Amino acid sequence: WAEDGSAAWLRYAPVEAAKYEGVPSRIVVLGNSVVERAAGAELAKGLSAMLARPFTWSVQPFQFGAASTNAILLGSYRSLGDHTMDEASSSMPGTDRYSIRFSRQRGSHRVLIAGSSPQAELYGAFHLLEEIGADRVIPEHETQVASAAIRWTDEWDNLDGTIERGYAGPSFFFKDGHVLQDLTRASDYARLLSSVGINGCNVNNVNADLDLLSSEHLREYARIADAFRPWGVKLALSVDLTAPQIVGGLPSFDPLDPTVVAWWKQKVDEIYTLIPDFGGFTVKADSEGRLGPSKYGRSPADAANVLARALAPHGGVVLYRGFVYNNHLDWRDPKADRARAGVDNFVRFDGQFDSNVVIQIKEGPIDFQAREPVSPLFAALRQTNMAIELQTSQEYTGQQRHMIWLPSMWKWVLDTDLQADNRHTPVKQIVEGRSFPRPDGKSRLGGFISVTNAGAEANWLHHPMAMANLYGFGKLAWNPDEPLSSIIDTWTRLTWGNDPRVDQVIDALQLHSWQVYEGYTGPNGMGTLTNILGYHFGPGIESAERNGWGQWFRGEKDGIGMDRTAAGTGFAQQYPPSLAAKYDSIESCPENLLLFFHHVPYDHRLRSGKTLVQSIYDTHYLSARAAGEYVPQWMTLKGLVDDDRYQLVLRLFTFQAGHAIVWRDAIDDWFYWRSQIADVHGRVGNH
Ligand code: GCU
């Protein structure tokens, strides 16, 4: 098998076959949909490769008796005669769930994989493959339920083939204004996504090409949907709200103009004629130069609902992005604060969005920094569907040239308890739609989005270790309660093999990598401190200051950090009261968010007893050293992993080790220059 990384975690490397002797070689698929057929073929392919004996699959109706023993049976709960778990009995209809049962009776074996939908059956098949690939015992009975309906990736691909904030080569969907003829990679990608439970993929940039919805283009997107379909991945598109004008030739794009309403309806009908399982639209409007409903004095709800009503008869959804802010803020104004924008722009429309509109909210109030508090908008919207937007593409976090395992951060975000109404309301439950149910008591529509930006490079994301982020996203989106240690361990085993020496080293490196990256860049909630006017890569400390973008950290002579307390911008007050109080006080504010909420003198004593500035110096030295240790750690694995990927990771770790020193010195020197406080260990300013 290829070791260029293209197989990712679906390598199906041989495992200890004797352990799985009882797994029958005959696979019987009860349904005949393309998805179920893909599941049958995948099982045969994976099991044959891992267990080094031939597996066959066929589509057959269920039969009692001998025909159903000594077989792996894959079908719906109903077709397998298991009514206990079928869809009708579920409290959340439409939520994917599957069960695997392994039974041995008088020398015959049977594996049942039952699902609530063809996709769920496919997820069950992938799960069985994963358990065997990771050398685990097949449990006698296991049931898995997806947390939420929306588990999508967003790809920021442009029709010309470039990818905004993509770090692994050009697009595998588009080139020169058209969809590629050969969509093998698109289909392989959908297979990877579905293997971790992802059920939708928006293939184009949120900064959408203006002519994206022309009829000529739509016919081309239909081919991408065809490539995705066997894997149960729905195609979605980002649209620009000016489309009725630009594509349709109408005089305006005012969402309340009846001709505009009719245009969207006709356009959506046209899409569904070509793509009957189309997922829906993502909308970026009134943000970073994109036009939007504000041009006509209309609200986000006005705009979103027009699209939603066109999509509703077909089952489509609108992901309306909460990332709306003014990028021409006045930095001289101590009350100006980009972080406030989400709540300020959306809360007054709570309750006005149709039931198939979901507000897609970035995890933090700024923009994918190495650490931000979670967006207060999650607790402020009570009658609106929400999804969380996470970024697998490492825009501000090392661009897949540094290893950083983002699920550690995402888990911290998802577990954050916003304490709305003084109740336990962790972010994960809010986006699952469970915290603020609909008036009829049912869960709201919601979910998880990963901005992934995979590219044409063989291994999808450039750094072999970065694939653990995409894998981890899928796993957390399926079940945000799965422990990080189990997620990373399964990924490592599937990607690098089951040798415990290999797994121990890789798991440990990944699990600490967020803390390490944060430590040599911008700790204490400062922001990542990358060069924000360039490529968002490498230190560019003051690039965030004194401009309209609002990513300020206000590093002054007297101290550093944004005052977002009641006395400052009042951002802390956007949280429910108990959290607002915690963040507002310098005493109770968590130190990893201190400079996000407070303007703090450099000699302020932290809980460790160190001054802020000394802690910054020390954290940078410690973290850069930790990053440097990735290299010798990795070298212990020479000969235990294939040489191609070994060499690639070695090169990347060597780069990271050096770049971490560049970061360390840039930040520490800047702090020394600004604070004029010497490092007690005499390191800073002396090289
Ligand atoms: C960031 C990113 C942009 C992107 C934007 C968005 O600002 O740098 O490239 O368009 O987020 O999420 O819309």
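Is it true that Phe553 is away from the ligand (no atom under 16 Å from the Cβ) and in contact with an Asp or Glu (Cβ under 6 Å, 6 or more places away or on another chain)? So that I can check it myself, show each step before the final result.
Numbers: away from the ligand (no atom under 16 Å from the Cβ): yes; in contact with an Asp or Glu (Cβ under 6 Å, 6 or more places away or on another chain): no.
When the stated conditions are applied, Phe553 does not pass them.
Answer yes or no: is there a residue in the range 337-349 that is in contact with a Gly (Cβ under 8 Å, 6 or more places away or on another chain), aromatic (Phe, Trp, Tyr) and over 25 Å from Gly200 (Cβ atoms).
No, the range 337-349 has no match at all.
Testing Pro373 on (1) crowded, with 23+ Cβ neighbours inside 10 Å; (2) at positive phi, one condition comes back false. Which one is that?
For Pro373, the exception is condition (2).
Is it the case that some residue within the range 323-346 is basic (Lys, Arg), under 21 Å from Val431 (Cβ atoms), within 16 Å of the ligand (Cβ to nearest atom) and outside any loop (DSSP other than H, G, I, E, B)?
Looking through the range 323-346, none of the residues is basic (Lys, Arg), under 21 Å from Val431 (Cβ atoms), within 16 Å of the ligand (Cβ to nearest atom) and outside any loop (DSSP other than H, G, I, E, B).
Residues are listed down the side, and each one gets a yes or a no for (1) of a type in the set (Lys, Arg); (2) assigned to a loop (DSSP other than H, G, I, E, B); (3) out of contact with any Phe, Trp or Tyr (no Cβ under 8 Å at 6 or more places or on another chain); (4) closer than 23 Å to Ser33 by Cα:
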{"site": "Asn205", "(1), (2), (3), (4)": "no, yes, no, no"}
{"site": "Leu213", "(1), (2), (3), (4)": "no, yes, yes, no"}
{"site": "Tyr221", "(1), (2), (3), (4)": "no, no, yes, yes"}
{"site": "Ile224", "(1), (2), (3), (4)": "no, no, no, yes"}
{"site": "Arg229", "(1), (2), (3), (4)": "yes, no, yes, yes"}
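Cβ-Cβ under 7 Å, sequence separation 6+ or interchain: first residue in the range 138-161 and within 21 Å of Gly433 (Cα to Cα), partner surrounded by 23 or more Cβ atoms within 10 Å (Cβ to Cβ) and of a type in the set (Asp, Glu). Which pairs?
Partner pairs satisfying both residue conditions: Ala146/Asp96; Ser147/Glu432; Ala148/Glu432.
Taking the range 476-516, which residues are more than 20 Å from Glu432 (Cβ to Cβ) and assigned to a loop (DSSP other than H, G, I, E, B)?
Hits for the range 476-516 are Gly497, Asn498, Asp499.
Looking at the range 60-69, which of its residues are part of a helix (DSSP H, G or I) and over 14 Å from Val29 (Cα atoms)? Full working, then the answer.
In the first step, residues of the range 60-69 are kept if they are part of a helix (DSSP H, G or I); the result is 66-68.
Within the range 60-69, Ala66 is the sole residue that qualifies.
Which of the residues belonging to the range 419-434 are touching a residue at least 12 places away in the same chain (Cβ under 8 Å) and outside any helix (DSSP H, G or I)? Full working, then the answer.
Residues of the range 419-434 touching a residue at least 12 places away in the same chain (Cβ under 8 Å): 419-423, 425-428, 430-433.
Within the range 419-434, Gln419, Arg423, Thr425, Pro426, Glu432, Gly433 meet the criteria.
Is it the case that the range 150-163 has a residue that's β-branched (Val, Ile, Thr), more than 16 Å from the ligand (Cβ to nearest atom) and at pLDDT below 95? Before the answer, list the steps.
Initial filter on the range 150-163 (β-branched (Val, Ile, Thr)): 150, 153, 162-163.
Those still in the list that are more than 16 Å from the ligand (Cβ to nearest atom) too: 150.
Right, trim to at pLDDT below 95 and you get none.
No, because not a single residue in the range 150-163 is β-branched (Val, Ile, Thr), more than 16 Å from the ligand (Cβ to nearest atom) and at pLDDT below 95.
Of all residues in the range 184-203, which are assigned to a loop (DSSP other than H, G, I, E, B) and within 16 Å of the ligand (Cβ to nearest atom)? Please lay out each step first, then the result.
Here is the first cut: in the range 184-203, the residues assigned to a loop (DSSP other than H, G, I, E, B) are 196-199, 203.
Scanning the range 184-203 gives a single hit, Val203.
Can you spot a residue in the range 266-283 that is acidic (Asp, Glu), assigned to a loop (DSSP other than H, G, I, E, B) and within 16 Å of the ligand (Cβ to nearest atom)? Before the answer, list the steps.
Within the range 266-283, the subset acidic (Asp, Glu) is 269-270, 277.
Going one step further and asking which of them are assigned to a loop (DSSP other than H, G, I, E, B), we end up with 277.
Subset that is within 16 Å of the ligand (Cβ to nearest atom): none.
No, the conditions are met nowhere in the range 266-283.
Look at Leu128 and say whether it is in contact with a helix residue (DSSP H, G or I) (Cβ under 8 Å, 6 or more places away or on another chain) and surrounded by 19 or more Cβ atoms within 10 Å (Cβ to Cβ). So that I can check it myself, show each step before the final result.
Values: in contact with a helix residue (DSSP H, G or I) (Cβ under 8 Å, 6 or more places away or on another chain): yes; surrounded by 19 or more Cβ atoms within 10 Å (Cβ to Cβ): yes.
Spelling it out, Leu128 is indeed in contact with a helix residue (DSSP H, G or I) (Cβ under 8 Å, 6 or more places away or on another chain) and surrounded by 19 or more Cβ atoms within 10 Å (Cβ to Cβ).
Residues being among the β-branched types (Val, Ile, Thr) and either crowded, with 22+ Cβ neighbours inside 10 Å or under 25 Å from Lys362 (Cβ atoms) (or both): count how many of those fall in the range 138-175. Write out each step before concluding.
Here is the first cut: in the range 138-175, the ones among the β-branched types (Val, Ile, Thr) are 138, 143, 145, 150, 153, 162-163.
Keeping just the survivors that are either crowded, with 22+ Cβ neighbours inside 10 Å or under 25 Å from Lys362 (Cβ atoms) (or both) gives 150, 153, 162-163.
Within the range 138-175, residues that are among the β-branched types (Val, Ile, Thr) and either crowded, with 22+ Cβ neighbours inside 10 Å or under 25 Å from Lys362 (Cβ atoms) (or both) number 4.
Quick one: count up the residues across the range 666-687 that are modelled with pLDDT of 95 or more and at positive phi.
The total comes to 2.
Take the residues in the range 392-414 that are of a type in the set (S, T, N, Q) and surrounded by fewer than 24 Cβ atoms within 10 Å (Cβ to Cβ); name whichever of them is nearest to the chain's Cα centre (by Cα). Give the steps one after another, and end with the answer.
First, pick out the residues of the range 392-414 that are of a type in the set (S, T, N, Q): 392-394, 397, 399-400, 408.
After this cut, where a residue has to be surrounded by fewer than 24 Cβ atoms within 10 Å (Cβ to Cβ) as well, the list is 399, 408.
Numbers: Gln399: 15, Ser408: 12 Å.
If we take residues in the range 392-414 being of a type in the set (S, T, N, Q) and surrounded by fewer than 24 Cβ atoms within 10 Å (Cβ to Cβ), then Ser408 is nearest to the chain's Cα centre (by Cα).
Residues in the range 507-516: is at least one touching a Phe, Trp or Tyr at 6+ places or on another chain (Cβ under 8 Å) and among the acidic types (Asp, Glu)?
For the range 507-516, residues touching a Phe, Trp or Tyr at 6+ places or on another chain (Cβ under 8 Å) and among the acidic types (Asp, Glu): absent.
I'd like to check something: does the range 358-369 contain any residue that is buried (at least 21 other Cβ atoms within 10 Å of the Cβ), among the aliphatic types (A, V, I, L, M) and more than 17 Å from the chain's Cα centre (by Cα)?
No, the range 358-369 contains no residue that is buried (at least 21 other Cβ atoms within 10 Å of the Cβ), among the aliphatic types (A, V, I, L, M) and more than 17 Å from the chain's Cα centre (by Cα).
What are the residues in the range 567-588 that are of a type in the set (S, T, N, Q), surrounded by fewer than 21 Cβ atoms within 10 Å (Cβ to Cβ) and either part of a loop (DSSP other than H, G, I, E, B) or on the phi > 0 side of the Ramachandran plot (or both), if any? Full working, then the answer.
As a first pass, look at the range 567-588 and keep what is of a type in the set (S, T, N, Q): 569, 573-574, 578, 585, 588.
Checking which are surrounded by fewer than 21 Cβ atoms within 10 Å (Cβ to Cβ) leaves us with 573, 578, 585, 588.
Matches in the range 567-588: Ser585, Ser588.
Could you tell me whether Asp135 is within 16 Å of the ligand (Cβ to nearest atom) and surrounded by fewer than 24 Cβ atoms within 10 Å (Cβ to Cβ)? Full working, then the answer.
Numbers: within 16 Å of the ligand (Cβ to nearest atom): no; surrounded by fewer than 24 Cβ atoms within 10 Å (Cβ to Cβ): yes.
So Asp135 does not fit the description; no.
Among the residues of the range 366-384, are any under 23 Å from Val317 (Cα atoms) and within 16 Å of the ligand (Cβ to nearest atom)?
Scanning the range 366-384, I find at least one residue that is under 23 Å from Val317 (Cα atoms) and within 16 Å of the ligand (Cβ to nearest atom), so the answer is yes.
Is there a residue in the range 245-257 that is touching a strand residue (DSSP E or B) at 6+ places or on another chain (Cβ under 9 Å) and free of Cβ contacts under 8 Å to residues at least 60 places away in the same chain? Show your work before the answer.
Start the filter on the range 245-257 by keeping residues that are touching a strand residue (DSSP E or B) at 6+ places or on another chain (Cβ under 9 Å), which leaves none.
Within the range 245-257 (the criterion being touching a strand residue (DSSP E or B) at 6+ places or on another chain (Cβ under 9 Å) and free of Cβ contacts under 8 Å to residues at least 60 places away in the same chain), the answer is no, since none of the residues qualifies.
On the basis of being assigned to a loop (DSSP other than H, G, I, E, B), touching a helix residue (DSSP H, G or I) at 6+ places or on another chain (Cβ under 8 Å) and either under 20 Å from Asp209 (Cα atoms) or not assigned by TED's automatic domain parsing to the domain that holds Lys362 (or both), does Gly289 make the cut? Reasoning before the result, please.
Values: assigned to a loop (DSSP other than H, G, I, E, B): yes; touching a helix residue (DSSP H, G or I) at 6+ places or on another chain (Cβ under 8 Å): no; either under 20 Å from Asp209 (Cα atoms) or not assigned by TED's automatic domain parsing to the domain that holds Lys362 (or both): yes.
Considered against the rule, which asks whether it is assigned to a loop (DSSP other than H, G, I, E, B), touching a helix residue (DSSP H, G or I) at 6+ places or on another chain (Cβ under 8 Å) and either under 20 Å from Asp209 (Cα atoms) or not assigned by TED's automatic domain parsing to the domain that holds Lys362 (or both), Gly289 comes out as no.
For the range 23-59, name all the residues that are in a loop (DSSP other than H, G, I, E, B) and loosely packed, with under 15 Cβ neighbours inside 10 Å. Working first, answer last.
Initial filter on the range 23-59 (in a loop (DSSP other than H, G, I, E, B)): 23-25, 30-33, 52-55.
Asn32, Ala52, Arg53, Pro54 - these are the residues of the range 23-59 that are in a loop (DSSP other than H, G, I, E, B) and loosely packed, with under 15 Cβ neighbours inside 10 Å.
Looking only at helices (runs of 4 or more DSSP H) that lie completely in the range 589-661, which have at least 1 residues being modelled with pLDDT of 95 or more and surrounded by fewer than 19 Cβ atoms within 10 Å (Cβ to Cβ)? If you could, list the steps in order and put the result at the bottom.
Details: elements: 594-597, 612-628, 630-635.
Correct list: 612-628, 630-635.
I'd like to check something: does the range 558-565 contain any residue that is closer than 21 Å to Asp417 by Cα and more than 29 Å from the chain's Cα centre (by Cα)?
At the first step, the residues of the range 558-565 found to be closer than 21 Å to Asp417 by Cα are 564-565.
Retained after the next criterion (residues that are more than 29 Å from the chain's Cα centre (by Cα)): 565.
Checking the range 558-565: at least one residue is closer than 21 Å to Asp417 by Cα and more than 29 Å from the chain's Cα centre (by Cα).
For Gln181, work out the one condition from (1) assigned to a loop (DSSP other than H, G, I, E, B); (2) within 16 Å of the ligand (Cβ to nearest atom) it doesn't fulfil.
So the condition that Gln181 fails would be (2).
The values are calculated or read from the model by the stated rules, or taken from the named source; none is laboratory data. Just so you know, these numbers come straight off a predicted model, no measurement behind them. Ideal geometry is used to build each Cβ from the backbone, glycine not excepted, and the neighbour counts take in all protein chains shown.
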